[in-house]
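Values in this text are rule-based calculations from the coordinates and carry no lab data. Since we're looking at a predicted model, the values are computed, not measured. Every residue, glycine as well, gets a Cβ built from its backbone with ideal geometry; the counts of neighbours run over all protein chains shown.
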Amino acid sequence: MTVTQDLSFITLITNASVLVQLVMALLLAVSLMSWTYIFRKMFAIRSARSQTEDFERAFWSGGNLSTLYQDATSNRRKSAGKTGALERIFEAGMGEFNKVKASLGNKGGDSAALLDGARRAMRAAYQREMDALESHLAFLASVGSVSPYVGLFGTVWGIMNAFRGLANVQQATLAAVAPGIAEALIATAIGLFAAIPAVVAYNRFSHDVDRLAIRFESFIEEFSNILQRQAH
């Protein structure tokens, strides 16, 4: 019973050396931050996917582009959260197309300028949306790659202290060294607890963001073809 109580999880943490406790606290803080970003990114990507599907459905339903543009502008002015990434890309391209068309008037032979301006505006909006979708993914990647090594550092330090303590013991037994090794191994366990969800989430979110990026790029090309026909 005494051995079980001495090797309880809480007791091992409280009896660990100060450096090992600092490593554990750092890993727990990083794990908490990564879980916060995981949930935020999960909801953000789910919302972006839903908004993209809704806008694609409205865009390809055959409605008037000017009406669709006015609706997108109105939604953005009322609340930025009501507009999705693809809708903002469309708004940027259509807005620039209308501005260039109005500045050129009825001049002929300027379809290239119209299309080029719209494509640049959509590309700039595309980069902004991708930056927003990819935010905090680098943090998850760093947590997944670094946390095990930080935990291993705490483990090595704890085991080193455990064996140093044996120098003052006449007879080394498993009961003497077990608590020190056990408390040291907790640091590795916490490191893995922080790293594994971060790696899984990073891989999943990167895949989802890449699929959204392909949909955005495909829309830009298809919408550019539509604008090219309207420019003639």
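Between Ala189 and Ala141, what is 0.36 nm times their sequence separation minus the Cα-Cα distance? Round to one decimal in nm.
Residue separation times 0.36 nm, minus the Cα-Cα distance, leaves 15.4 nm.
Just to be sure I understand the model, the point goes 7 Å from the Cα along the line to the Cβ. What's the resulting Ile10 to Ile214 distance in nm?
5.1 nm
Please state the charge dipole magnitude for segment 178-232, taken about the Cα centre, from unit charges on C-beta atoms (+1 on K and R, -1 on D and E), reported in debye and rounded to the nearest 20.
100 debye
Provide the gained length on full extension for the span Arg49 to Leu104, in nm with one decimal, where the gain is 0.36 nm per separating residue minus the Cα-Cα distance.
This chain segment gains 16.1 nm when fully extended.
With the crude spin-label approximation of a point 7 Å out along Cα→Cβ, what separation in nm comes out for Leu19 versus Gln228?
For Leu19 paired with Gln228, the spin-label model returns 6.4 nm.
Cβ under 9 Å from Phe205's Cβ, Phe205 left aside: what net charge do those residues give with Lys, Arg +1 and Asp, Glu -1?
0
Calculate, for Thr36 and Trp60, the FRET efficiency according to 1/(1 + (r/R0)^6) with r their C-beta to C-beta distance and R0 45 Å; round to the nearest 0.05.
0.75
What does the charge add up to near Met122, with Lys and Arg as +1, Asp and Glu as -1, over the other residues with Cβ less than 13 Å from its Cβ?
-3
What is the sum of charges around Glu56, taking Lys and Arg as +1, Asp and Glu as -1, for the other residues whose C-beta is under 13 Å from the C-beta of Glu56?
-1
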